[in-house]
Amino acid sequence: MTFFTAFLAIVGLGFLDSLNPFSIIACAVVIAGQQSLGRGLAFIIATFLVYFITGLGLVAGWAELVLAFKSRIQPWMVFACWLVLALGCLIGAIFLWRRPPMGEGKSVKQPSSLALIGVFLFALGSTISDMPTALPYFGAIPIMVATGATMAGLVAWLAFYSLIYVSPLIFLLCYRLIAYKQFEPLVGKIHGFMDWSIRRLSPALLLPCGAWASYEAVRLIPQL
């Protein structure tokens with residue numbers, strides 16, 4: 001595979017992967033309020049790091065290490081994981097359903113460094129949870145390897161792909177900072193959609209997930 005062919009394929013897959021509505025909407029919500037520059041940078045950096053480090057793990061063969069430990073996993077460990085997941089889904093659904101709408105009974109707080117850390121951790125968690133659906137990324141990595149690049153070259157490829165992935169987020173942040181008045185009308189709609197998703201859609205999704213986790217836990221009881 002020639003370098004030019006690999007370059008076009010990786011660029012195409014990267015931009016396809018970057019059109020992730022969940023990441024874009026989450027970033028828009030994060031930068032809608034105060035301290036938009038700091039929050040936006042924290043979100044973008046965390047997203048970039050998750051993609052870059054995940055790619056390093058894949059090309060470095062860390063998956064083989066996971067498979068090596070697979071034989072050490074006992075049935076009770078799997079049962080405990082399913083049980084914790086089921087309880088977490090149930091508690092999370094109840095908590096989110098009872099959560100008051102955005103803005104009710106809440107005072108406006110000044111942004112702080114703790115808020116930036118929260119945004120960073122939120123971006124880490126949301127991007128990690130979204131990684132199993134990153135099919136273009138999984139298709140791009142074999143192309144990177146097929147170029148015959150050294151480890152340093154693969155690191156450069158991964159950084160390049162990760163930069164393409166966060167490019168819509170960078171554009172969104174720049175638009176927020178430059179065209180503040182044009183961006184402002186979107187804030188109410190974004191907050192309304194996210195409020196509905198958090199308080200109504202999320203519990204509806206968590207309950208089936210909790211039921212499925214409970215079923216898997218019950219199936220393992222005879223093996224304990």
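The values are calculated or read from the model by the stated rules, or taken from the named source; none is laboratory data. Just so you know, these numbers come straight off a predicted model, no measurement behind them. Neighbour counts run over all protein chains shown; Cβ positions are idealised from the backbone, glycine included. Just the protein is used for accessible areas: all its heavy atoms, side chains included, with ligands, DNA and RNA removed. Shrake-Rupley method; radii C 1.70, N 1.55, O 1.52, S 1.80 Å.
Ranked by the mean number of other Cβ atoms within 10 Å per residue, highest first, peptides 3-14, 49-60, 155-166 order as 155-166, 49-60, 3-14. Between Phe95 and Ile25, full extension at 0.36 nm per residue minus the direct alpha carbon distance yields a gain of 22.9 nm. Approximating the spin labels as points 7 Å out from Cα along Cα→Cβ, the Cys209-to-Leu56 distance works out to 2.8 nm.
Residues of the range 202-224 with an amide N closer than 13 Å to a point placed 7 Å from the Cα of Gln74 along the Cα-to-Cβ direction: 224.
Between beta-carbons, use under 12 Å as the cut-off and find the net charge around Val29, counting Lys and Arg +1, Asp and Glu -1. Around Val29, the charge tally is +2.
For the range 122-224, the fraction of 1.4 Å probe accessible surface lying on carbon and sulfur atoms is 75 percent.
Each residue was assigned an accessible area with a 1.4 Å probe, and for Arg199 the value is about 40 Å².
In this label model, Glu216 and Tyr180 are separated by 4.7 nm, measuring between points 7 Å along each Cα→Cβ vector.
Just subtract the alpha-carbon distance of Ile117 and Leu83 from 0.36 nm times their residue separation and send over the number in nm, one decimal.
Numbers: separation 34, 0.36 × 34 = 12.24 nm, distance 2.99 nm.
Here the answer is 9.3 nm.
A 1.4 Å probe run over the protein chains yields, for the range 1-63, 48 Å² of accessible area per residue, whole-number rounding.
Does the range 15-60 come out rounded, prolate or oblate by the C-alpha gyration tensor, with a ≥ b ≥ c the root eigenvalues, rounded set by a/c under 1.5 and, if not, prolate when a/b is larger than b/c and oblate if not? Note, shape of the range 15-60 comes out oblate.
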